[in-house]
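Written below as structure tokens is the structure these notes are about.
The values are calculated or read from the model by the stated rules, or taken from the named source; none is laboratory data. Source: prediction; values computed, not measured. Because the Cβ atoms are built from the backbone with ideal geometry, glycine has one as well, and the counts that use them run over all protein chains shown. We work out accessible area using only protein heavy atoms, side chains counted, and drop any ligands, DNA or RNA first. Shrake-Rupley method; radii C 1.70, N 1.55, O 1.52, S 1.80 Å.
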Amino acid sequence: MSRTEGVLTGPATAARRRVVDSVTSLPGWAAVLVIWTVGRLLSTFWLTLAYPLVGRAQPENAIWGNDHGFTAFLVSWDGQYYESISLHGYPSVLPLDATGHVAQNAWAFLPAFPFTIRLLTVSTGLPFTIGAPLVSIVAGLVAALLLHRLVSEHAGRTAALWAVFFFTCGPLSFLLQVGYAETAFLALTFGALLAMERQRYGLLTVLGSVAAFTRPGALAIPLTIGVIAVVRLLLARRSGTRTLDAFPAWERVQVVAAGVVMVAAGTAWPLIAGAVTGQSDAYLATEMSWWVNFIGRVHFVPLSPWFLTTAKWLGVGGVLLVPVVLVLYTVWLSRRSTRKLGLTTVVFSAAYALYVFAVSLPMASTPRLLMPLAPLLGSPELVAKPGLRWTLVTGALVLQPVFVAVLWLLGPP
């Protein structure tokens, strides 16, 4: 949040300047805490306004009735699956729909978050409807602090604070306080990226492995460390530096060990689901059950979901749009401004986007799947010009009630 924007006039601008200066004058952790708190109050305000409309928006579903209370509203949609897992675990027999195919069920949701809530509720007596949002709120604060550290070490404090603002006050920030696993996954992911940069491979292995049992997409972390290891080897060879000096053998062993363990963790859940249910494709069949309402029943082929969706809903033009988006994203990652965020962030952003493109179907949940790309919000290019910066600020604040209404009130995010 820059202190040098030129000559500013007008009472509104002066007041805004004083607020920004007050926040930026605080220590980093305190500034993050202030921004995060403002974000939570703002999100609570919009969720509170949306809550009375629930019965009218979804009258056919009893969980949406106002009699269930505001905290039940905060654990709606996927939160209901997490609650079921927390209370009852996973089914040993897969449910089937009317056509005999696997129906939507709890195996699509990983266990770390609901089992953490289970530990909390058993030890404290708190109900899931309070424990889940509470864990999300705390994990969201940790994620914001780690995001600030991750961005500030490369792009500077100003860029880091703006990244935290867009992350905690932006259109999707209401998800930081509902009964979803997003905040836990974000905290683990940002922590893993910081551990990777500090070459603390034991901590990286633990965080990356737990992330693999929290939300899908954690395989991007071992892919990131693998790419960075290759880059380090190539740079050492190009510069004429001895590999043992630039990338010691013991460190290479640690990198390989960390990568192997995290890959094993990232691929374990489908095997566990298959072993418990006796159906080898239990996890994949469960995931595909969510696709039926969007594109019908299809066979899973990696790298095809975005083409299938755009072909169905937009035709040939939509199919052609997909590679255009991929090229534009690649160009953005390669820009000098983006590279200022550091090699780890850039490589992870490419690896995680590859995961989203390769295996996920673009739908209402896609925006929240992209939340681990939050470090890109610290790109100096996005906040260098006051006009662009305040346009983004306005857009972030205005769009949050829209996203609450569309993604949380009317349909599952």
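For the range 135-145, a residue qualifies if it is open to solvent by 20 Å² or more (accessible area, probe 1.4 Å) and over 10 Å from VAL164 (Cβ atoms), and the qualifying residues are VAL135, ILE137, VAL138, LEU141, VAL142. Identification of helices (runs of 4 or more DSSP H) wholly contained in the range 178-253 with 1 or more residues that are under 17 Å from TYR352 (Cβ atoms), within 18 Å of the chain's Cα centre (by Cα) and not small (Gly, Ala, Ser) yields 182-197, 201-212, 220-239. Checked against the criterion of being open to solvent by less than 10 Å² (accessible area, probe 1.4 Å) and at pLDDT below 95, the candidates ALA132, ALA98, ALA159 yield just one match: ALA159. Looking only at the range 168-177, filter to residues that are in a helix (DSSP H, G or I) and open to solvent by less than 10 Å² (accessible area, probe 1.4 Å); which one of those is nearest to ARG149 (Cα to Cα)? Looking at residues that are in a helix (DSSP H, G or I) and open to solvent by less than 10 Å² (accessible area, probe 1.4 Å), I get THR168. When you check LEU354 against the structure, is it open to solvent by less than 70 Å² (accessible area, probe 1.4 Å), of a type in the set (A, V, I, L, M, F, W, C) and part of a helix (DSSP H, G or I), yes or no? Against the criterion (open to solvent by less than 70 Å² (accessible area, probe 1.4 Å), of a type in the set (A, V, I, L, M, F, W, C) and part of a helix (DSSP H, G or I)), LEU354 does not qualify. The number of residues in the range 66-94 being without any contact (Cβ under 8 Å) to a residue 60 or more places away in the chain, open to solvent by 50 Å² or more (accessible area, probe 1.4 Å) and not polar (S, T, N, Q) comes to 6.
Being open to solvent by 60 Å² or more (accessible area, probe 1.4 Å) and not in a helix (DSSP H, G or I) holds for only one residue in LEU303, LEU328, and it is LEU303. Checking the structure you have, find out if any residue of the range 147-155 is closer than 21 Å to ALA112 by Cα and in contact with a helix residue (DSSP H, G or I) (Cβ under 6 Å, 6 or more places away or on another chain). Within the range 147-155, not a single residue is closer than 21 Å to ALA112 by Cα and in contact with a helix residue (DSSP H, G or I) (Cβ under 6 Å, 6 or more places away or on another chain). For the range 360-406, residues that are assigned to a helix (DSSP H, G or I), polar (S, T, N, Q) and buried (at least 16 other Cβ atoms within 10 Å of the Cβ) total 1.
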